[in-house]
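Following: one structure in structure tokens, then a few remarks.
The values are calculated or read from the model by the stated rules, or taken from the named source; none is laboratory data. Everything numeric in this text was worked out from a predicted model, so none of it was measured. When we count neighbours, we look across all protein chains shown, and the Cβ atoms used for this are built from the backbone with ideal geometry, even at glycine. Areas reflect the complete protein model, heavy atoms only, side chains present, ligands, DNA and RNA absent. Shrake-Rupley method; radii C 1.70, N 1.55, O 1.52, S 1.80 Å.
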Amino acid sequence: MLVLVGHTDRLTAASFSRDGKFILTASADKTARVWDAATGRPVTILAGETTAINHANFSPDGNLVAIASSDKTAKIW
């Protein structure tokens, strides 16, 4: 079992990259995080939102992340 520790509020979304190497999570704590799927270690934190992130997903090639927030905005990272 792999446990991802780092978000400070409820999770709102989670998905694997197409190649299965990374996990993307979104949270009401206003961050999205990319994790190494083999180790559970954080790779990067996408921060700076002012409201909860409701959805997040990798682009098909895995190079970008799209997020949608409670403030009705979407961003590409």
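Structure notes:
- Index of the failed condition, A26 passing every other in (1) assigned to a strand (DSSP E or B); (2) among the aliphatic types (A, V, I, L, M); (3) open to solvent by 70 Å² or more (accessible area, probe 1.4 Å): (3)
- Checking each residue in segment 29-77 for being among the hydrophobic types (A, V, I, L, M, F, W, C) and outside any strand (DSSP E or B) picks out A37, A38, A47, A52, L64, W77.
- Residue within segment 6-23 that is part of a loop (DSSP other than H, G, I, E, B) and among the aliphatic types (A, V, I, L, M) present: no
- Listed by first and then second residue, the pairs with beta-carbon distance under 6 Å, at least 6 apart or on different chains, first residue in segment 22-47 and more than 11 Å from V3 (Cα to Cα) and touching a residue at least 40 places away in the same chain (Cβ under 8 Å), second open to solvent by 10 Å² or more (accessible area, probe 1.4 Å) and assigned to a loop (DSSP other than H, G, I, E, B), are F22/A37.
- Subset of segment 37-66 (residues that are buried (at least 17 other Cβ atoms within 10 Å of the Cβ), over 14 Å from S17 (Cα atoms) and under 9 Å from the mean Cα position of the chain (by Cα)): L46, I53
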